[in-house]
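K.L.:
Take a look at the following structure, please.
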Amino acid sequence: MKDKHLTTDQGVPVSDNQNSLTAGERGPVLLQDVHLIEKLAHFDRERIPERVVHAKGAGAYGYFQVYKSMAEYTCARFLQDPKNKTPVFVRFSTVVGARGSADTARDPRGFAVKFYTEDGNYDLVGNNLPVFFIRDAIKFPDMVHAFKPAPDTGYPTSSSANSRFWDFISLTPESTHMITWLFSDRGTVKSYRKMEGFGVNTYKWVNAKGKAVYIKYHWKPKAGIETIDRHESTRLAGEDPDIATRDLYETIAAGKTVEYELCVQIMNIADELKQDFDPLDATKTWPEDKYSLMPVGKMALNRNPENFFAETEQAAFCPASIVPGIDFSADKLLQGRIFSYADTQRHRLGANYLQLPVNRPQTPVNNNRRDGAMQYAPYGGGTVNYEPNTLAGGMPNEAPTTATTHESLKGNIGRQKIGLTNDFKQAGERYRSLSKVDQDHLVDNIVDSLRKADKSIQQRMVGNLAKADSELGKRVAKGLKL
């Protein structure tokens, strides 16, 4: 192996990396020690702001391969040819905990997939639970504030600030369904390899003729689903807090492949108002007996990042990153996410975060954005950084029109709540669908957390649970001695 000599960031050889440049044996240290200053200055800046949510994560590379052409439903090119393998990067994460928190804490898990397609990057950014706490993005900052450490004490919700969590939840009826998922054993996992993923929001697929359908995404782990109870979760948080992160890395490092199957539910747009709930409401699921899961393809993860910070930590996802053949629905939560995700990456990583290798598309990028912090892309074009132009032969010019849907928008401007809320029905159905053991765990987990909240909040939350299922409400009330 050829020797590698230590250098500065400018490539200048470093012959002594053990001793600072000083005046005499005992100092003082001289400011002209460029190598010392460079090391310290870089070290001082090695931490970037952690993500507001999804701060702790684990990542892996692999590929996605469609089973058969999806041309009937979408013209997205990466969903057409079974012979093609689309490169992917996946980041799994916990949502509320800080960067050093335990993998096993009760929390939703992020399941974000970046497809490096021939038409640019497509980010499918979801969770391991099929629903969410809220249906409108305007409530997202309040939700996260209630779940994160209290502003006066710094205590996180998971320790002694439970009144904050349950105060918000009890005043947000649409979150009742999410509670039946989060406080079941689905909310505590120790392996990302054995965890489902969901797109949560409703998207559109559009075919070459411009016909659109609504879809919901589901990832099914080939290794099966594994959960742990809260007692195991607490034990592992103390003994092996990085178990899910380590499990993913060591499995791939051992030469094994981690696989998931992608399925979708499809709903004709004409049928959206024929339900007893709003299909665009992120707090609801679509019944699988009515909208069955259609297998689409498989994803295989087979390569670990070489540098955790450069790849996993700086990986940036955004639901706004879509490709021709995939479109947004009017889902109010999704509409806010379209803006918020990219905006937080610009704050966290900088204006040119998409030039980082893990985020950069594997197709040519041609536009007229030249400046901003960390700009280094070798753009050509000479004097031209505008469009239209003749000095550069009109390049880059507009791409050919792709298949799109045209829908008319009509309505009175105002801040309005959707009509079909029906916030408790699916929560009750979820509780009744659980086995006796899972029902017992759900009740026990809710009681264990809710008992730390104020009495008035307990009573309000029990009222919501009773509206979902009278037995669930009574059991929680009994556990709280109300």
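The values are calculated or read from the model by the stated rules, or taken from the named source; none is laboratory data. Bear in mind that the values here come from a model prediction, so they are computed numbers and not experimental data. A quick note on method: Cβ atoms are made from the backbone with ideal geometry, for glycine too, and the neighbour counts reach across all protein chains shown.
K.L.:
Restricting to the stretch 20-40, name every residue that is on the phi < 0 side of the Ramachandran plot and surrounded by fewer than 10 Cβ atoms within 10 Å (Cβ to Cβ). Walk me through it before giving the result.
P.N.:
First pass over the stretch 20-40, keeping only residues on the phi < 0 side of the Ramachandran plot: 20-23, 25-26, 28-40.
Hits for the stretch 20-40 are 23, 25, 26, 28, 31, 32.
K.L.:
If you don't mind, there's one more thing I want to ask. With 348, 370 as the choices, which residue is farther than 30 Å from residue 269 by Cβ, of a type in the set (Lys, Arg) and surrounded by 15 or more Cβ atoms within 10 Å (Cβ to Cβ)?
P.N.:
On the way: 370 fails: surrounded by 15 or more Cβ atoms within 10 Å (Cβ to Cβ).
Answer to the check: 348.
K.L.:
Something else: Report the residue count in the stretch 394-448 for those that are in a loop (DSSP other than H, G, I, E, B) and closer than 30 Å to residue 273 by Cα.
P.N.:
Filtering the stretch 394-448 for residues in a loop (DSSP other than H, G, I, E, B) gives 394-424, 434-435.
The next check asks that each one be closer than 30 Å to residue 273 by Cα; those that pass are 402-424, 434.
Result for the stretch 394-448: 24.
K.L.:
Within the stretch 250-265, which residues are of a type outside the set (Ser, Thr, Tyr) and either buried (at least 21 other Cβ atoms within 10 Å of the Cβ) or under 22 Å from the mean Cα position of the chain (by Cα) (or both)? I'd like the intermediate steps shown before the answer.
P.N.:
Initially, the stretch 250-265 is screened for residues of a type outside the set (Ser, Thr, Tyr), giving 250, 252-256, 258-259, 261-265.
Within the stretch 250-265, 252, 258, 259, 261, 262, 263, 264, 265 meet the criteria.
K.L.:
Then there's this: Taking into account only those residues within the stretch 223-255 that are among the aliphatic types (A, V, I, L, M) and without any contact (Cβ under 8 Å) to a residue 40 or more places away in the chain, which is farthest from residue 92 (Cα to Cα)? Can you show your working first?
P.N.:
Of all residues in the stretch 223-255, those among the aliphatic types (A, V, I, L, M) come to 223, 225, 228, 236-237, 243-244, 248, 252-254.
Checking the rest, the ones that are also without any contact (Cβ under 8 Å) to a residue 40 or more places away in the chain come to 223, 225, 254.
Numbers: 223: 16, 225: 15, 254: 19 Å.
Once the filter is applied, the top-ranked residue is 254.
K.L.:
Might you check whether a residue that is of a type outside the set (A, V, I, L, M) and at pLDDT below 90 occurs anywhere in the stretch 48-58?
P.N.:
Looking only at the stretch 48-58, we keep the residues that are of a type outside the set (A, V, I, L, M), and these are 49-51, 54, 56-57.
Next, from what is left, pick out any that are at pLDDT below 90: none.
Within the stretch 48-58, not a single residue is of a type outside the set (A, V, I, L, M) and at pLDDT below 90.
K.L.:
Report yes if residue 335 is assigned by TED's automatic domain parsing to the domain that holds residue 71, assigned to a helix (DSSP H, G or I) and either crowded, with 20+ Cβ neighbours inside 10 Å or free of Cβ contacts under 8 Å to residues at least 60 places away in the same chain (or both), otherwise no.
P.N.:
Values: assigned by TED's automatic domain parsing to the domain that holds residue 71: yes; assigned to a helix (DSSP H, G or I): yes; either crowded, with 20+ Cβ neighbours inside 10 Å or free of Cβ contacts under 8 Å to residues at least 60 places away in the same chain (or both): no.
Judged against the criteria, residue 335 is not a match.
K.L.:
Consider the stretch 400-425. How many of its residues are of a type in the set (A, V, I, L, M) and over 30 Å from the mean Cα position of the chain (by Cα)? I'd like the intermediate steps shown before the answer.
P.N.:
Here is the first cut: in the stretch 400-425, the residues of a type in the set (A, V, I, L, M) are 403, 409, 413, 418, 420.
The next check asks that each one be over 30 Å from the mean Cα position of the chain (by Cα); those that pass are 413.
Of the residues in the stretch 400-425, 1 are of a type in the set (A, V, I, L, M) and over 30 Å from the mean Cα position of the chain (by Cα).
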